[in-house]
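J.: Dumping the structure here so I can ask a few things about it.
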Amino acid sequence: MKKIFFLVSSLRAGGSERVYWLLSQYLDKSKYQVTLIVLDSRSPFFSPVLEGVRVIKLNSIRVSLSFFKILNLVRSEKPHAVFTTGNHITALLSLVSLFCKIPILVAREASVLEIILPYSGFKGRIIDFFVPSIYKRIKFGICQSEEVKRSLIRNYHIPDDKLVVIPNPVLSTPIIRSRHYRAGKRLIVVARLAKEKGLFRLLEIFSNLPSEYTLTIAGEGPVKLELQEKLVSLGLENRVKLAGVVQDVTKVISEYDLMLLTSFAEGFPNVVIESLSVGVPVVSFHVSGVPSIIKPGFNGYIIDQDDLQSFREHTVKACNTSWDSQAIKDDVVNRFGISKITASYESLLH
């Protein structure tokens, strides 16, 4: 039975963490012995207790301090394949592979790198410089979207045959958008509270919506205090709620009329497919991954970056449209269901 490793920095709420957490559970256990390796196991959002999956906690707060732990683990376990995610972990595993054999080393690419780079900090820029060298050690790069793949080819000259587009998975759920009558229009955003998520322009847009519109922003992050100050300065404290990290995300989303995505940069936004999986439409700025998810007029709208007026207008339009929630739900599960995406991952292991 082939040993498969998935490496994540933590089990906190995050897109990359969610994807590998899900895939580790759904890989065919009759063929693969699956291990989920967690660098920093503090404050997990996703459960570390998984049926049929061994979870190893390295208790390493920083990726850079994990080298010898991972090297010793790979040497002793001899996995057939190692899946990494995030530039820091991918860089580390490419270095590890110089000292021990990893037959299949797979990097998951989550962003269009030239767009996310300004938000990446000094370390991110250093790693960016070494991307071509790192990819000499990589067997496959999993790109969440065609935009991510084109970015790697255009900016780093990664060979096309090393890159495969596999979107993120979504779970089928019996939950569907609530039809209970509620006064007003209820909007929700689920995002890390960070600059690249475009939350300040979201507040600008929302401030020009009619007074019956309310907004919930679910998530935590470094700009939370600034957001609180901004919504007070705009006089929105009675209409905008900062809800923090929420459990049962799809159930929470199902109680709203519309999901908004105002990011400057994404790879393949999980929250969009999660929203559609419960029949809630999405209005989003044009970012990577979204054109392959949203079918304008069927399950939402895509707005050109920085066109705040159009975003506002389509938010109002979406809130006054009669959407076919069941059709939206069925469509997204058919295209991005967990079984289909898991099969795509398993195809790399032969």
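The values are calculated or read from the model by the stated rules, or taken from the named source; none is laboratory data. Because the structure is predicted, anything quoted here is derived from the model rather than measured. Cβ sites come from the backbone with ideal geometry, for glycine too, and all protein chains shown count toward neighbours.
J.: Please go through the range 80-123 and give me each residue that is crowded, with 20+ Cβ neighbours inside 10 Å and in contact with a Pro (Cβ under 8 Å, 6 or more places away or on another chain), ordered by number.
T.: Passing the criteria: A81, I102.
J.: Would you check if A81 is touching a residue at least 40 places away in the same chain (Cβ under 8 Å), in the same structural domain as C143 (by TED's automatic domain parsing) and farther than 23 Å from V245 by Cα?
T.: In short, yes.
J.: Restricting attention to the range 329-345, which residues are among the aliphatic types (A, V, I, L, M), surrounded by 17 or more Cβ atoms within 10 Å (Cβ to Cβ) and either in contact with a Phe, Trp or Tyr (Cβ under 8 Å, 6 or more places away or on another chain) or within 21 Å of G141 (Cα to Cα) (or both)? Show your work before the answer.
T.: Just the residues of the range 329-345 that are among the aliphatic types (A, V, I, L, M), to begin with: 332-333, 338, 341, 343.
Okay, now just the ones that are also surrounded by 17 or more Cβ atoms within 10 Å (Cβ to Cβ), so 332-333, 338, 341.
Correct list: I338, I341.
J.: In the range 295-348, which residues are basic (K, R) and out of contact with any helix residue (DSSP H, G or I) (no Cβ under 9 Å at 6 or more places or on another chain)?
T.: Hit for the range 295-348 is K317, nothing else.
J.: Kindly indicate the residue of the range 284-301 that is in contact with a strand residue (DSSP E or B) (Cβ under 6 Å, 6 or more places away or on another chain) and hydrophobic (A, V, I, L, M, F, W, C) and also farthest from E266 (Cα to Cα) among those meeting that condition.
T.: Among them, the one singled out is I294.
J.: Given the structure, is V271 closer than 27 Å to E220 by Cα and of a type in the set (A, V, I, L, M, F, W, C)?
T.: Against the criterion (closer than 27 Å to E220 by Cα and of a type in the set (A, V, I, L, M, F, W, C)), V271 qualifies.
J.: Residue under question is L209, and the condition is that it be touching a Ser or Thr at 6+ places or on another chain (Cβ under 9 Å), in contact (Cβ under 8 Å) with a residue 24 or more places away in the chain, among the aliphatic types (A, V, I, L, M) and in a loop (DSSP other than H, G, I, E, B); does it hold? Walk me through it before giving the result.
T.: Working: touching a Ser or Thr at 6+ places or on another chain (Cβ under 9 Å): yes; in contact (Cβ under 8 Å) with a residue 24 or more places away in the chain: yes; among the aliphatic types (A, V, I, L, M): yes; in a loop (DSSP other than H, G, I, E, B): yes.
So L209 passes the test.
J.: Another one. State the number of residues belonging to the range 48-84 that are outside any loop (DSSP other than H, G, I, E, B) and either modelled with pLDDT of 95 or more or at positive phi (or both).
T.: Applying the first criterion (outside any loop (DSSP other than H, G, I, E, B)) to the range 48-84 yields 54-57, 63-65, 67-77, 81-84.
Remaining after also requiring either modelled with pLDDT of 95 or more or at positive phi (or both): 54-57, 67-77, 81-84.
Matching residues across the range 48-84 total 19.
J.: Within the range 85-124, take every residue that is assigned to a helix (DSSP H, G or I) and among the hydroxyl-bearing types (S, T, Y) and give me the one that is nearest to G141 (Cα to Cα).
T.: T90
J.: Here's something else I'd like to know. Pick out the one residue from V19, V96 that is in contact with a helix residue (DSSP H, G or I) (Cβ under 6 Å, 6 or more places away or on another chain) and among the aliphatic types (A, V, I, L, M).
T.: Of the residues listed, the single one that is in contact with a helix residue (DSSP H, G or I) (Cβ under 6 Å, 6 or more places away or on another chain) and among the aliphatic types (A, V, I, L, M) is V96.
J.: Further question on the same structure: Looking only at the range 96-142, count how many residues are touching a residue at least 60 places away in the same chain (Cβ under 8 Å) and either β-branched (V, I, T) or farther than 23 Å from S66 by Cβ (or both).
T.: 7
J.: Among the residues of the range 166-192, write down those that are touching an Asp or Glu at 6+ places or on another chain (Cβ under 6 Å) and modelled with pLDDT of 95 or more.
T.: Listed by number, the residues that qualify are K185, R186.
J.: Let me ask something else about it. Can you tell which of P291, P269, P296, P281 is assigned by TED's automatic domain parsing to the domain that holds W323, under 22 Å from the mean Cα position of the chain (by Cα) and exposed (fewer than 15 other Cβ atoms within 10 Å of the Cβ)?
T.: It is P296.
J.: Tally the residues that are out of contact with any strand residue (DSSP E or B) (no Cβ under 7 Å at 6 or more places or on another chain) and either in a loop (DSSP other than H, G, I, E, B) or at positive phi (or both), restricting the search to the range 13-30.
T.: Residues flagged as out of contact with any strand residue (DSSP E or B) (no Cβ under 7 Å at 6 or more places or on another chain) and either in a loop (DSSP other than H, G, I, E, B) or at positive phi (or both) within the range 13-30 amount to 5.
For every residue, the table says whether it meets (1) in contact (Cβ under 8 Å) with a residue 40 or more places away in the chain; (2) assigned by TED's automatic domain parsing to the domain that holds M259; (3) at positive phi.
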position	(1), (2), (3)
N155	yes, no, no
K162	no, no, no
I176	yes, no, no
H180	no, no, no
V190	yes, yes, no
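J.: So, one more: Suppose we filter L225, L231 for residues that are part of a helix (DSSP H, G or I), in contact with a strand residue (DSSP E or B) (Cβ under 7 Å, 6 or more places away or on another chain) and in the same structural domain as R312 (by TED's automatic domain parsing); which single one remains?
T.: Every option except L231 fails the conditions.
J.: Which of the following residues is within 23 Å of A265 (Cβ to Cβ) and not aliphatic (A, V, I, L, M): F99, F45, F67?
T.: On the way: F99 fails: within 23 Å of A265 (Cβ to Cβ); F67 fails: within 23 Å of A265 (Cβ to Cβ).
On inspection, the qualifying residue turns out to be F45.
J.: Can you name every one of the helices (runs of 4 or more DSSP H) wholly within the range 257-350 that holds 3 or more residues which are of a type in the set (D, E, K, R)?
T.: 308-319, 325-336
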